[in-house]
Amino acid sequence: MSIVVSGRLSQLVFLALYSLLVVYGIYRSVVQGKIPRVRQPAAIKALEEAVGRCVEMGKPLLFQTGIGDVSTEGVTHMAMLSVLSYTSALVAQKNAKFICSTPSPTLFPLAEAIVREAYVAAGKPDGFTSDTVRYLSNDQMAYCSAVMHLMNQEQVAANVQIGFFQAENLVTLEAAKDLGAINIGGAYRMLRIPDMAIGCDFFLIGEEVFAAGAFCSQEPLQLGSLLGQDMSKWVALALIVVGTLFTAFGSDAIVKALRL
């Protein structure tokens, strides 16, 4: 019996190639110290505007961590937590009012530690209180109702929700828009991207969430991994161009190779 299933050899080759590129990107960044530069996403740039607006209006910025457990959506949550750390540093430096809400028991202590650390690093430990990070409910719709109440009670001027969301996503975005708040969002799930496009003033699409996390953290490991993924995309793009040219000149060599 063959180890490699017929018709899957090309997929195995590409998997190995892409994995090697990611490993090379990490090695280049972590070991060699050649850390790649990442363009600042527009949604992350908009965070500065949102924080400034909150300071001017004297109203808080609300950051939602998204739902789900760290063990099930770990990659997305790690990117979100990097953005949370970046946002917390901005609000601490500018003395903006800040609230972080979460429906996840496992995300709550992580978010609380990150936000507290940002205030301490800014030299303003007293700015962090027990109400800064709030655990509302692990029930989806109960959390949605609690967030809507919180928005109206605090009259938030900006709403940030980046990460893993489900049906509550569009509801909370629209609730924030009704208050005139700036919405900044990000989702990698195809199902939630239309919600973000409709309800957000600035948003991250798909893998931009992970790019934003790498930009905010500036960790060599994340940046190197991002470089490897981008190199993989260039390989895929080159293959598409070569395949198109071969097909245009009547050759099916690329198609046959992909069927191996």
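Could you report segment 97-186's accessible area per residue, 1.4 Å probe, as an integer in Å²?
About 41 Å² of surface per residue is accessible.
When only Cα pairs under 8 Å and 6 or more residues apart are kept, what is the percent relative contact order across the chain?
Working: 422 pairs, mean separation 73.2, N = 260.
Contact order relative to length: 28 percent.
The C-alpha atoms of the chain define a longest principal axis, and helix 220-248 lies at about 40 degrees to it.
The modelled label-to-label distance between residue 31 and residue 174, using points 7 Å beyond Cα along the C-beta direction, is 5.3 nm. Find how many whole Å separate the alpha carbon centroid of segment 165-230 from the alpha carbon centroid of segment 81-153. Rounded to whole Å, the Cα centres lie 17 Å apart. The count of lysine pairs in the chain that are at least 8 places apart or cross chains, and whose C-alpha atoms lie under 23 Å apart, stands at 13. For segment 61-180, what does the alpha-carbon gyration tensor say about shape, rounded, prolate or oblate, given a ≥ b ≥ c as the root eigenvalues, a/c under 1.5 as rounded, and a/b over b/c as prolate? Oblate, because a/c is 1.5 or more while a/b does not exceed b/c.
Counting only DSSP H runs of at least 4 residues, each contributing -39500 (n - 2.57), and dividing by the residue count of the chain, the helix-based mean residue ellipticity at 222 nm comes to -19000 deg cm²/dmol.
Note on residue 248 and residue 40: the extension gain reaches 71.0 nm, defined as 0.36 nm multiplied by sequence separation minus the Cα-Cα distance. Between residue 153 and residue 93, the C-beta separation translates, for a Förster distance of 41 Å, into a calculated FRET efficiency of about 0.95. What shape does segment 26-132 take by its C-alpha gyration tensor, where a ≥ b ≥ c are the square roots of the eigenvalues and a/c under 1.5 counts as rounded, a/b above b/c as prolate, and the rest as oblate? Since a/c reaches 1.5 but b/c is at least a/b, the shape of segment 26-132 is classed as oblate.
Round to a whole number: what % of the accessible area of the chain belongs to carbon and sulfur, probe 1.4 Å?
Exposed carbon and sulfur together represent 62 percent of the surface.
Prolate is the label for the chain, because a/c, from the alpha-carbon gyration tensor with a ≥ b ≥ c as root eigenvalues, is 1.5 or above and a/b exceeds b/c.
The values are calculated or read from the model by the stated rules, or taken from the named source; none is laboratory data. Remember, it's a predicted structure, so these values are computed and weren't measured experimentally. Cβ coordinates were reconstructed from backbone atoms using ideal geometry, including for glycine residues, and neighbour counts include every protein chain displayed. Accessible surface is based on the protein model in full, side chains and every heavy atom, while ligands, DNA and RNA are left aside. Shrake-Rupley method; radii C 1.70, N 1.55, O 1.52, S 1.80 Å.
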